[in-house]
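> Pasting a structure below so you can have a look.
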Amino acid sequence: MARERIASPAMLAQRLADRTLELVDVPSVSREEARLAAHVREVLGADDSGDHCVVVNPEAPIVLAGHFDTVPPQDNLPGRRDDEAVHGLGAADMKGALAVMIELALAGAPFGFVLFPREELPHSESALTPLLEREPALRDTELAIVMEPTANALHVACVGNINARIVARGRSGHSARPWTADNAIHRLAAQIGAVAEQPYEERELDGLTFREAMSVVLVEGGIAQNVIPDRAEAIVNYRYAPGRSPEEAERRLHDVVGEGLEVLSNAPSGLVPSEGNAVVQRLRGMGLAWEPKQAWTPVAEFAQAGVDAINFGPGEPRYAHTREELVRVDALVAAYETLERLCG
């Protein structure tokens, strides 16, 4: 496909905003991405790469990657546009980025393009890792740019992410005589307290500071208002820094929580790109901010496949997953122009 430079900044802004709104208005909550995947295949004239994945030009030295899915809506569909931004579900995370990818592909930019479902679900359900296994060309790329929300900064690596269940067991009884029972909620409270007491530990890697955080995010228990419960459970989320292995992270969580812990998922941390990666150096030479990624992203999956990867996208992290989700039009233009310069 021949390169086509869009005639003016105003036209570029219009196309990117229109494309973003078009994508926002195709609902694609996790596991319900088929319609959006079909729409994108039609726009790009691409084939289905299996499991609702779309891959274009996988032999390219630089690959742009993004996910189709969103979290559930919060009264933010359909989307809307004003002079400054496109508003609506997934605008920041990451349909604005998908719009940038699509417009670059239609303009003939010499990137590879990888679009995939189920990123917002636990790592075990990801469609990207199986895609990397069945598409060997993608494992030879020089750099994968994962277009997660970074406000057009370079976000390096990513933290690992454990979700685990704590189950406390006791013995039921009448609440008028609690000494005849064993209150599972009280047992669980001690374990929740142990998690709450953990500091936000800072760990440094290659001059970047990541913060580890352990949080109880869901609690469930109880039978009735006059019954001492014999079972209670909580879900704990642990974000751990690059440099800590998944096995080490699980051991630390077990040490804090004690008995009754079941690890539900463990998404490994991402890695800092290889020292001297020429594409990364070109990006840094454009004056882009260089920051740690304080979240889990698919750069970890590329790292597991032996591929250098970095996060870069137009969305602002503060708007991701919010009722007020939006992406600024000038940020869409800046992301497009940055990537256009990278391949120019």
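The values are calculated or read from the model by the stated rules, or taken from the named source; none is laboratory data. Everything quoted here is computed from the prediction, not taken from an experiment. Backbone-built Cβ (ideal geometry, glycine too); neighbour counts: all protein chains shown.
> Within segment 265-279, is there a residue that is assigned to a helix (DSSP H, G or I) and in contact with a strand residue (DSSP E or B) (Cβ under 9 Å, 6 or more places away or on another chain)?
yes
> Out of all the residues in segment 119-160, which are part of a helix (DSSP H, G or I) and small (Gly, Ala, Ser)? Even if it seems obvious, please write down each step before you answer.
As a first pass, look at segment 119-160 and keep what is part of a helix (DSSP H, G or I): 123-125, 128-134, 136-140.
Across segment 119-160, the qualifying residues are Ser124, Ala137.
Rundown of residues vs (1) under 30 Å from Leu98 (Cα atoms); (2) surrounded by fewer than 19 Cβ atoms within 10 Å (Cβ to Cβ), yes/no style:
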{"site": "Arg139", "(1), (2)": "yes, yes"}
{"site": "Thr150", "(1), (2)": "yes, no"}
{"site": "Asp182", "(1), (2)": "no, yes"}
{"site": "Leu188", "(1), (2)": "no, no"}
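> Consider segment 141-187. How many of its residues are without any contact (Cβ under 8 Å) to a residue 12 or more places away in the chain and of a type in the set (D, E, K, R)?
1
> Could you tell me whether Arg177 is farther than 30 Å from Gln304 by Cα, in contact with a strand residue (DSSP E or B) (Cβ under 7 Å, 6 or more places away or on another chain) and either charged (D, E, K, R) or modelled with pLDDT under 95 (or both)?
So Arg177 fails the test.
> Would you mind finding the one in Ala234, Ala249 that is part of a strand (DSSP E or B) and surrounded by 16 or more Cβ atoms within 10 Å (Cβ to Cβ)? It would help to see each step written out before you state the result.
Details: Ala249 fails: part of a strand (DSSP E or B).
Being part of a strand (DSSP E or B) and surrounded by 16 or more Cβ atoms within 10 Å (Cβ to Cβ) holds for just one of Ala234, Ala249, which is Ala234.
> While we're on this one: Just to be sure I understand, how many residues within segment 75-108 are in a loop (DSSP other than H, G, I, E, B), at pLDDT 95 or above, surrounded by fewer than 24 Cβ atoms within 10 Å (Cβ to Cβ) and not polar (S, T, N, Q)? Lay out the reasoning, then the answer.
Going residue by residue through segment 75-108, those that are in a loop (DSSP other than H, G, I, E, B) are 75-79, 82-84, 88-90, 107-108.
When the remaining residues are screened for being at pLDDT 95 or above, the result is 75-79, 82, 84, 88-90, 107-108.
Now drop any that are not surrounded by fewer than 24 Cβ atoms within 10 Å (Cβ to Cβ), which leaves 75-79, 82, 84, 107-108.
Subset that is not polar (S, T, N, Q): 75, 77-79, 82, 84, 107-108.
Qualifying residue count, segment 75-108: 8.
> Further question: Residue by residue through segment 317-330, note down the ones that are within 28 Å of Glu142 (Cβ to Cβ) and buried (at least 22 other Cβ atoms within 10 Å of the Cβ).
Listed by number, the list holds a single entry, Val327.
> From Glu220, Glu202, which residue is part of a strand (DSSP E or B) and either farther than 30 Å from Arg284 by Cβ or in contact (Cβ under 8 Å) with a residue 60 or more places away in the chain (or both)? Before you say what the answer is, go through the steps one by one.
Values: Glu202 fails: either farther than 30 Å from Arg284 by Cβ or in contact (Cβ under 8 Å) with a residue 60 or more places away in the chain (or both).
Result of the check over Glu220, Glu202: Glu220.
> For segment 41-58, does any single residue satisfy the condition of being in contact (Cβ under 8 Å) with a residue 60 or more places away in the chain, in contact with a Gly (Cβ under 8 Å, 6 or more places away or on another chain) and either aromatic (Phe, Trp, Tyr) or crowded, with 19+ Cβ neighbours inside 10 Å (or both)?
For segment 41-58, residues in contact (Cβ under 8 Å) with a residue 60 or more places away in the chain, in contact with a Gly (Cβ under 8 Å, 6 or more places away or on another chain) and either aromatic (Phe, Trp, Tyr) or crowded, with 19+ Cβ neighbours inside 10 Å (or both): present.
> Tally the residues that are more than 20 Å from Val263 (Cβ to Cβ) and surrounded by 15 or more Cβ atoms within 10 Å (Cβ to Cβ), restricting the search to segment 190-210.
4
> I would also like to ask the following. Ser265 fails exactly one of the following numbered conditions: (1) touching a Ser or Thr at 6+ places or on another chain (Cβ under 6 Å); (2) crowded, with 21+ Cβ neighbours inside 10 Å; (3) not hydrophobic (A, V, I, L, M, F, W, C). What is the number of that condition?
So the condition that Ser265 fails would be (2).
> If the Cβ limit is 8 Å and pairs must be 6+ apart or interchain, which residue in segment 301-323 that is in a helix (DSSP H, G or I) pairs with which residue that is surrounded by 19 or more Cβ atoms within 10 Å (Cβ to Cβ) and among the β-branched types (Val, Ile, Thr)?
Between residues of segment 301-323 that are in a helix (DSSP H, G or I) and residues that are surrounded by 19 or more Cβ atoms within 10 Å (Cβ to Cβ) and among the β-branched types (Val, Ile, Thr), the close pairs are Phe302/Val146; Pro317/Thr150; Tyr319/Val327.
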